[in-house]
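Colleague: Below: one structure in structure tokens.
The values are calculated or read from the model by the stated rules, or taken from the named source; none is laboratory data. Bear in mind the structure is a predicted one, so any value in this text is a computation, not a measurement. Glycine gets a Cβ as well: all are built from the backbone with ideal geometry, and neighbour counts include every protein chain shown. Side chains are part of the model used for accessible areas, which takes the heavy atoms of the whole protein and leaves out ligands, DNA and RNA. Shrake-Rupley method; radii C 1.70, N 1.55, O 1.52, S 1.80 Å.
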Amino acid sequence: MTLSLPGFDHVRLPGADGVELAAAGGGAGSPVVLLHGFPQTHLMWRHVAGRLAAEHTVICPDLRGYGASGKPAADTSDVYAKRTMAADVVAVAAALGHDRFALVGHDRGALVAFRAGLDHPGTVTHLGILDVVPTLDMWNVLHGVSAAVGYHLFLMAQPPGLPEAMIAGSADAFFGSFLDAWAADPAALPPEVRAEYLRASAAAVPSIVADYRASAGIDIAHDRADLDAGSQLAMPVTVVQQDWGAQLGYDAAEVWRAWAPDLDHRLTRAGHFMAEEAPDEVTTAIRDLLAR
């Protein structure tokens, strides 16, 4: 049985090009959309969403290609471009009656949120980012043996065929390795949640790889075009991340400040899965963002 958010309604709505997205929604008040990361589903927000729903309408979709959402074939390079995935989110929110909303993303969802903030500045009122740097910067800070932490980025950047076959052949071991390595508190991912992430990911290998492959191609082109044009995020931005800058030798706050003039940059001692490992800290960061 698929796990989801208790007390939330569940809907299926068309994204930007008709691809259906599954979403959980609940609460009342100004809208906040929460986007999950890898290798997860909207279930990762199970602690934070309920807290926020006391004051806000909270919408938690599965990204295209993940969870219970549609998984179109990557027939063209833009099917899993973050621009397309951001348009999905805007379409789903609009279908639920919200033409402006706050947006918070973790990991892959944070890259979608970043693109939404650039492409839809009149729609995204506040932007929260958990544990990434923008795609263009991500590739720029991976150097030498320290880049081994992101080996999966290089694997899934390869041409179609071999990465999908390798991952599908050992899906539980592959996806499970990230759940093990990236959680500072393994108890934050109980067995039933871990099993749900593994089940959902194993059922989505081609689309997950296509999402990552887009970040080695079309997403870079989109980021570079915005950088060259001097585009910046117009809304208040909060970034919460591990101290990747110290580990990889760069200034993470400086990287983000180039994109986000109105920036609140915070470091956390939680692991990568911070919405599950430190939900109070993440909820507080989101509430502080929404108050700006």
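Colleague: Residue pairs, Cβ under 9 Å, 6 or more apart or interchain, first in the stretch 279-290 and free of Cβ contacts under 8 Å to residues at least 60 places away in the same chain and in a helix (DSSP H, G or I), second surrounded by 14 or more Cβ atoms within 10 Å (Cβ to Cβ) and polar (S, T, N, Q). List them.
Modeller: What qualifies is Glu281/Thr268; Asp288/Thr238.
Colleague: Here is a list: Ala200, Ala275, Ala270. Which entry is part of a loop (DSSP other than H, G, I, E, B) and either crowded, with 20+ Cβ neighbours inside 10 Å or at pLDDT below 95 (or both)? Outline the logic, then answer.
Modeller: Details: Ala200 fails: part of a loop (DSSP other than H, G, I, E, B); Ala275 fails: part of a loop (DSSP other than H, G, I, E, B).
One residue alone meets the criteria, Ala270.
Colleague: Pairs under 6 Å by beta carbon, first residue in contact (Cβ under 8 Å) with a residue 24 or more places away in the chain in the stretch 95-113, partner open to solvent by 10 Å² or more (accessible area, probe 1.4 Å) and part of a strand (DSSP E or B), six or more apart or different chains?
Modeller: Pairs found: Ala95/Leu13; His98/Pro31; Arg100/Thr125; Phe101/Pro31; Ala102/Thr125; Ala102/His126.
Here's the yes/no breakdown for (1) open to solvent by 10 Å² or more (accessible area, probe 1.4 Å); (2) modelled with pLDDT under 95; (3) more than 20 Å from Asp288 (Cβ to Cβ); (4) not in a strand (DSSP E or B):
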{"position": "Asp75", "(1), (2), (3), (4)": "yes, no, yes, yes"}
{"position": "Met85", "(1), (2), (3), (4)": "no, no, yes, yes"}
{"position": "Val90", "(1), (2), (3), (4)": "yes, no, yes, yes"}
{"position": "Gly97", "(1), (2), (3), (4)": "yes, no, yes, yes"}
{"position": "Gly105", "(1), (2), (3), (4)": "no, no, no, no"}
{"position": "Val112", "(1), (2), (3), (4)": "no, no, yes, yes"}
{"position": "Gly117", "(1), (2), (3), (4)": "no, no, no, yes"}
{"position": "Gly122", "(1), (2), (3), (4)": "yes, no, yes, yes"}
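Colleague: Search the stretch 139-158 for residues that are within 19 Å of Arg224 (Cα to Cα) and pair each with any residue that is surrounded by 15 or more Cβ atoms within 10 Å (Cβ to Cβ) and of a type in the set (A, V, I, L, M) when their beta-carbon atoms are under 7 Å apart and the residues are at least 6 apart or on different chains.
Modeller: As it stands, the answer is Trp139/Ile220; Val141/Val133; Val141/Leu248; Ala157/Ala216, since those pairs meet every condition given.
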